[in-house]
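A short worksheet on the structure shown next.
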Amino acid sequence: MQCLIVMSGNVVSVKNLKKSFKGFEAVKDVSFTVQKNDVFGFLGPNGAGKSTSLRCMLSLIQADAGQIKLFDQDLQRNRSNVLSKIGSIIEKPDFYKYLSAFKNLELLARISGSSVSKSELYDILEFVGLQGREKHKFRTFSHGMKQRLGIAQALMHNPELIILDEPTTGLDPQGIVDIRNLILKLSKEQGKTVILSSHQLAEIELIANRMVIINKGKTIIEGSVNELLNSSNMVVKFQLDDTGRGEKLLAKDFGDIRKLNFTEDELTFEIEKMRIADVVECFVKNNLRIYSVEQKRKLEDYFIKMIEE
């Protein structure tokens, strides 16, 4: 079958995905789209259903309901064709411990029937930052190097879409930076579309251009990272010497704010970023002592609450 031309611009389209295990609904209603050349953040707390959703996308497990389209083709009807254009790492990559990085890739290429040449394997190892370590045995590799070799394996058949499930888990700060830069290289230098699963909002913010947040098996919000994280609304927490009087002043002069949590010690509310200084000025003019002001982006505060739950 000839490869269909992508007309919609969507590399991935998932609608109303559902998956249960012995009565437990791991995925209840997940929907999202990934566009060509996206670095797409698949974000959610641990246990949100991220890995299960990705496994369904790769047909490692069968979804109970919903639609999965890859490259504008139905996954169930065109499984072999669409999967040939995908490279992935689900959980940690594993290789033969006593073989070198190069020998591992060479063996896996033979098993998979890939026509990649030896020089191309060396190029891939260089691209992922393992030049000079091609002949070293896998058992001597650090966790970060193992992740790099896993990405090298995913690149052997030159896929259009790369799916990485929590690739920075367990890495030290430098290892996280290295993997982040490698993902950006995949996007910018090789034009790959990348789906990056993570439970870290800060990680997604630094690397992705679009994202979806899922929680308890359901899609919560999807959109541009810049738009979602740079909303003009902020969540602000004030600690005052007299919160009762502070609450009255807010009601009088800032009646349109969204009250989130008012206690004896703190006032927490949602307000436009540009108006925070006006609130501070109002409190100071009315002789209220401000002990602290803490502000968070609206989405950041929401995501932290999801994790706490």
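The values are calculated or read from the model by the stated rules, or taken from the named source; none is laboratory data. Treat the numbers as computed from the prediction; the structure is a model and nothing was measured. No Cβ is skipped: glycine too gets one built from the backbone with ideal geometry, and neighbour counts run over all protein chains shown.
Which one of these is farther than 27 Å from Arg110 by Cα and outside the structural domain of Ala101 (by TED's automatic domain parsing): Gln239, Gln174?
Of the residues listed, the single one that is farther than 27 Å from Arg110 by Cα and outside the structural domain of Ala101 (by TED's automatic domain parsing) is Gln239.
Look through Ile290, Ile276, Ile257 and report the one residue that is over 30 Å from Met211 (Cα atoms), aliphatic (A, V, I, L, M) and over 28 Å from the mean Cα position of the chain (by Cα).
Ile290
Report the residue count in the range 199-253 for those that are acidic (Asp, Glu) and under 14 Å from the mean Cα position of the chain (by Cα).
Looking only at that region, the number is 3.
Between a first residue in the range 246-265 that is on the phi < 0 side of the Ramachandran plot and a second residue that is aliphatic (A, V, I, L, M) and assigned to a loop (DSSP other than H, G, I, E, B), which pairs have beta carbons less than 7 Å apart while being 6 or more apart in sequence or on different chains?
Partner pairs satisfying both residue conditions: Gly246/Leu288; Leu250/Ile257.
Which of (1) without any contact (Cβ under 8 Å) to a residue 24 or more places away in the chain; (2) in contact with a Ser or Thr (Cβ under 9 Å, 6 or more places away or on another chain) is the odd one out, the single condition Arg180 does not satisfy?
That leaves (1) as the condition not met.
Can you say whether Ser8 is modelled with pLDDT of 95 or more and surrounded by fewer than 22 Cβ atoms within 10 Å (Cβ to Cβ), as far as the supplied structure shows?
So Ser8 fails the test.
Is it the case that Leu155 is crowded, with 18+ Cβ neighbours inside 10 Å, modelled with pLDDT of 90 or more and more than 22 Å from the chain's Cα centre (by Cα)?
When the stated conditions are applied, Leu155 does not pass them.
Report, ordered by the first and then the second residue, all pairs with beta carbons closer than 9 Å, sequence separation of six or more or different chains, a first member in the range 114-127 that is over 14 Å from Asn158 (Cβ atoms), and a second member that is of a type in the set (Asp, Glu) and part of a helix (DSSP H, G or I).
Between residues of the range 114-127 that are over 14 Å from Asn158 (Cβ atoms) and residues that are of a type in the set (Asp, Glu) and part of a helix (DSSP H, G or I), the close pairs are Lys118/Glu106.
For Ile111, work out the one condition from (1) closer than 23 Å to Ile195 by Cβ; (2) β-branched (Val, Ile, Thr); (3) part of a helix (DSSP H, G or I) it doesn't fulfil.
(1)
In the list Lys50, Lys19, Lys15, which residue meets the criterion of being surrounded by fewer than 20 Cβ atoms within 10 Å (Cβ to Cβ) and either at pLDDT below 95 or of a type in the set (Lys, Arg) (or both)?
Testing whether each residue is surrounded by fewer than 20 Cβ atoms within 10 Å (Cβ to Cβ) and either at pLDDT below 95 or of a type in the set (Lys, Arg) (or both) leaves just Lys15.
Quick one: Thr169 ticks every box in (1) part of a strand (DSSP E or B); (2) of a type in the set (S, T, N, Q); (3) modelled with pLDDT under 90 bar one, so which box is it?
Going through the list (1) part of a strand (DSSP E or B); (2) of a type in the set (S, T, N, Q); (3) modelled with pLDDT under 90, Thr169 breaks only (1).
Sort through Ser59, Ser88 and tell me the only one that's surrounded by fewer than 18 Cβ atoms within 10 Å (Cβ to Cβ) and either in contact with an Asp or Glu (Cβ under 9 Å, 6 or more places away or on another chain) or in the same structural domain as Lys19 (by TED's automatic domain parsing) (or both).
Just one listed residue meets the conditions, Ser59.
Report those strands (runs of 3 or more DSSP E) wholly inside the range 36-107 carrying at least 1 residues which are farther than 26 Å from Asp123 by Cβ and in contact with a strand residue (DSSP E or B) (Cβ under 9 Å, 6 or more places away or on another chain).
Strands (runs of 3 or more DSSP E) meeting the threshold: 39-43, 65-70.
Among the helices (runs of 4 or more DSSP H) lying completely within the range 190-309, list those that include at least 3 residues that are loosely packed, with under 12 Cβ neighbours inside 10 Å.
In the range 190-309, 243-253, 276-285 are the helices (runs of 4 or more DSSP H) which contain 3 or more residues that are loosely packed, with under 12 Cβ neighbours inside 10 Å.
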